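Peer 1: Questions regarding the structure given below will be posed in turn.
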Amino acid sequence: MNAGTRKMTLVSLSVSLLASGALACKMVGRENRASSPGAEPSVVDPGGIGLFPSDAMLLFYGRDLSQWRNADHWTVKDGAATVGVGYGGITTRRAFGDCQLHLEWATPADVEGTGQERGNSGVYLQEHYEIQVLDSYQNKTYPNGMAGAVYGQYAPLVNASRKPGEWQSYDIIFEGPRFNPQGKLLKPAFVTVLFNGVLVQNHVEIKGDTGADPPSYTPHAAKMPLHLQDHGCPVRYRNIWIREL
């Protein structure tokens, strides 16, 4: 090896070592950032199939409707609560803000009616924003009125309905709206919905109160109750729990 070749080899080796050192420093920096101090996440037991997380509040788990108002005419049998048709919906005694909500529901096995008259009910978040409950199995209706819809605003991404009489589930992640003290909207509400484990609403912006035309917000408290609707059909509910976020 001549002197010129030796010099070039030494220069290449020096550049390689410098690059390796820079990479090592970068990796150490990343590791330090990853292990930087912060709040330790709390431990939550997720529960098994059909159970609930350890930090969840049980709103109905098959025994009674003591967590609800106006529930005298809803019947509880075989672990399910059935809508008291004609007596109105039920509303939680407690108010909630941002939350994760799980519930299961079933429309009547004996099919009656078509469209919106077939197995209709609804889950009202903060008493203002409805996630539609409906028998949407081979039942035509307007898309933003199907099961899994943000009623009147967003159709579900897919129709994940099971047959009438079969149990179905909603897992809902809800971020409530924010208002200033004068009632001006600062931030709209957002919702994500999984219907029988299938994503049907992906962090959509709620445009306002259900039924408002055009959609608009009515100012309300940061925490409001949950409401299950009586829409004239004996829909059943079970396994309702909620986690405050």
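The values are calculated or read from the model by the stated rules, or taken from the named source; none is laboratory data. Every value quoted in this text rests on a predicted model; they were computed, and no experiment measured them. Backbone-built Cβ (ideal geometry, glycine too); neighbour counts: all protein chains shown.
Peer 1: Hey, does the stretch 165-181 have a residue that's in a loop (DSSP other than H, G, I, E, B), polar (S, T, N, Q), modelled with pLDDT of 95 or more and closer than 22 Å to residue 133 by Cβ? Let's see the steps before the verdict.
Peer 2: To start, the set of residues in the stretch 165-181 that are in a loop (DSSP other than H, G, I, E, B) comprises 165-167, 176-177, 180-181.
In the following step, the residues that additionally are polar (S, T, N, Q) were identified as 180.
The next check asks that each one be modelled with pLDDT of 95 or more; those that pass are 180.
After this cut, where a residue has to be closer than 22 Å to residue 133 by Cβ as well, the list is none.
Scanning the stretch 165-181 turns up no residue that is in a loop (DSSP other than H, G, I, E, B), polar (S, T, N, Q), modelled with pLDDT of 95 or more and closer than 22 Å to residue 133 by Cβ.
Peer 1: Now for a separate question. State yes or no: is residue 122 assigned to a loop (DSSP other than H, G, I, E, B), in contact with an Asp or Glu (Cβ under 8 Å, 6 or more places away or on another chain) and not charged (D, E, K, R)? Before the answer, list the steps.
Peer 2: Numbers: assigned to a loop (DSSP other than H, G, I, E, B): no; in contact with an Asp or Glu (Cβ under 8 Å, 6 or more places away or on another chain): yes; not charged (D, E, K, R): yes.
For residue 122, the condition - assigned to a loop (DSSP other than H, G, I, E, B), in contact with an Asp or Glu (Cβ under 8 Å, 6 or more places away or on another chain) and not charged (D, E, K, R) - is not met.
Peer 1: With (1) in a loop (DSSP other than H, G, I, E, B); (2) out of contact with any Pro (no Cβ under 8 Å at 6 or more places or on another chain) as the list, and residue 103 as the residue in question, which single condition is left unmet?
Peer 2: (1)
Peer 1: Given the residues 124, 154, 129, which is the only one that is under 27 Å from residue 79 (Cβ atoms) and touching a residue at least 12 places away in the same chain (Cβ under 8 Å)? Walk me through how you get there before you give the answer.
Peer 2: Working: 154 fails: under 27 Å from residue 79 (Cβ atoms); 129 fails: under 27 Å from residue 79 (Cβ atoms).
Selected residue: 124, the only one of 124, 154, 129 that is under 27 Å from residue 79 (Cβ atoms) and touching a residue at least 12 places away in the same chain (Cβ under 8 Å).
Peer 1: Might you let me know whether the stretch 169-189 holds any residue that is farther than 27 Å from residue 110 by Cβ, assigned by TED's automatic domain parsing to the domain that holds residue 73 and in contact with a helix residue (DSSP H, G or I) (Cβ under 8 Å, 6 or more places away or on another chain)?
Peer 2: Taking the stretch 169-189 as the starting set, the residues that turn out to be farther than 27 Å from residue 110 by Cβ are 171-189.
With the extra rule that they be assigned by TED's automatic domain parsing to the domain that holds residue 73, the set shrinks to 171-189.
Keeping just the survivors that are in contact with a helix residue (DSSP H, G or I) (Cβ under 8 Å, 6 or more places away or on another chain) gives none.
No, there is no match, as no residue in the stretch 169-189 is farther than 27 Å from residue 110 by Cβ, assigned by TED's automatic domain parsing to the domain that holds residue 73 and in contact with a helix residue (DSSP H, G or I) (Cβ under 8 Å, 6 or more places away or on another chain).
Peer 1: Okay, next question. Failed condition for residue 112, given (1) closer than 24 Å to residue 78 by Cβ; (2) modelled with pLDDT of 95 or more; (3) not hydroxyl-bearing (Ser, Thr, Tyr), with all others met?
Peer 2: The one condition residue 112 does not meet is (2).
Peer 1: For the list (1) surrounded by fewer than 11 Cβ atoms within 10 Å (Cβ to Cβ); (2) of a type in the set (D, E, K, R); (3) modelled with pLDDT of 95 or more, I need the number of the one condition that residue 33 fails.
Peer 2: Every listed condition holds for residue 33 apart from (3).
Peer 1: Scan the stretch 186-216 for residues that are closer than 13 Å to residue 150 by Cβ, of a type in the set (Ser, Thr, Tyr) and not in a strand (DSSP E or B) and jot them down.
Peer 2: Matches in the stretch 186-216: 210 only.
Peer 1: Somewhere in the stretch 168-183, is a residue within 29 Å of residue 70 (Cα to Cα) and of a type in the set (S, T, N, Q)?
Peer 2: Yes.
Peer 1: Among 48, 86, which is the only one that is part of a loop (DSSP other than H, G, I, E, B) and not assigned by TED's automatic domain parsing to the domain that holds residue 237? Write out each step before concluding.
Peer 2: Details: 86 fails: not assigned by TED's automatic domain parsing to the domain that holds residue 237.
The conditions single out 48.
Peer 1: Quick one: count up the residues across the stretch 205-232 that are surrounded by 17 or more Cβ atoms within 10 Å (Cβ to Cβ) and more than 30 Å from residue 82 (Cβ to Cβ). Write out each step before concluding.
Peer 2: As a first pass, look at the stretch 205-232 and keep what is surrounded by 17 or more Cβ atoms within 10 Å (Cβ to Cβ): 206-210, 217, 224-231.
Retained after the next criterion (residues that are more than 30 Å from residue 82 (Cβ to Cβ)): 207-208, 217.
Summing the residues that are surrounded by 17 or more Cβ atoms within 10 Å (Cβ to Cβ) and more than 30 Å from residue 82 (Cβ to Cβ) in the stretch 205-232 gives 3.
Peer 1: Related question: Scan 133, 150 and give me the residue that is of a type outside the set (Ser, Thr, Tyr), surrounded by 19 or more Cβ atoms within 10 Å (Cβ to Cβ) and over 21 Å from residue 80 (Cα atoms).
Peer 2: Values: 133 fails: over 21 Å from residue 80 (Cα atoms).
Result: 150 is the single residue among 133, 150 that is of a type outside the set (Ser, Thr, Tyr), surrounded by 19 or more Cβ atoms within 10 Å (Cβ to Cβ) and over 21 Å from residue 80 (Cα atoms).
Peer 1: I'm trying to understand the selection: among the residues of the stretch 147-164, which are assigned to a strand (DSSP E or B) and aromatic (Phe, Trp, Tyr)?
Peer 2: So the first thing to find is which residues in the stretch 147-164 are assigned to a strand (DSSP E or B), and the list is 150, 154.
Passing the criteria: only 154.
Peer 1: Go through the stretch 105-121 and give me each residue that's surrounded by fewer than 22 Cβ atoms within 10 Å (Cβ to Cβ) and among the β-branched types (Val, Ile, Thr).
Peer 2: Within the stretch 105-121, 111, 114 meet the criteria.
Peer 1: Give the residue that is nearest to residue 128 (Cα to Cα), with candidates limited to residues of the stretch 186-245 that are of a type in the set (S, T, N, Q) and touching a residue at least 24 places away in the same chain (Cβ under 8 Å). Break it down stepwise before answering.
Peer 2: Initially, the stretch 186-245 is screened for residues of a type in the set (S, T, N, Q), giving 192, 196, 201-202, 210, 216, 218, 229, 239.
Among the residues that remain, those that are also touching a residue at least 24 places away in the same chain (Cβ under 8 Å) are: 196, 201-202, 210, 218, 229, 239.
Values: 196: 23, 201: 17, 202: 19, 210: 6, 218: 8, 229: 12, 239: 22 Å.
Among those that are of a type in the set (S, T, N, Q) and touching a residue at least 24 places away in the same chain (Cβ under 8 Å), it is 210.
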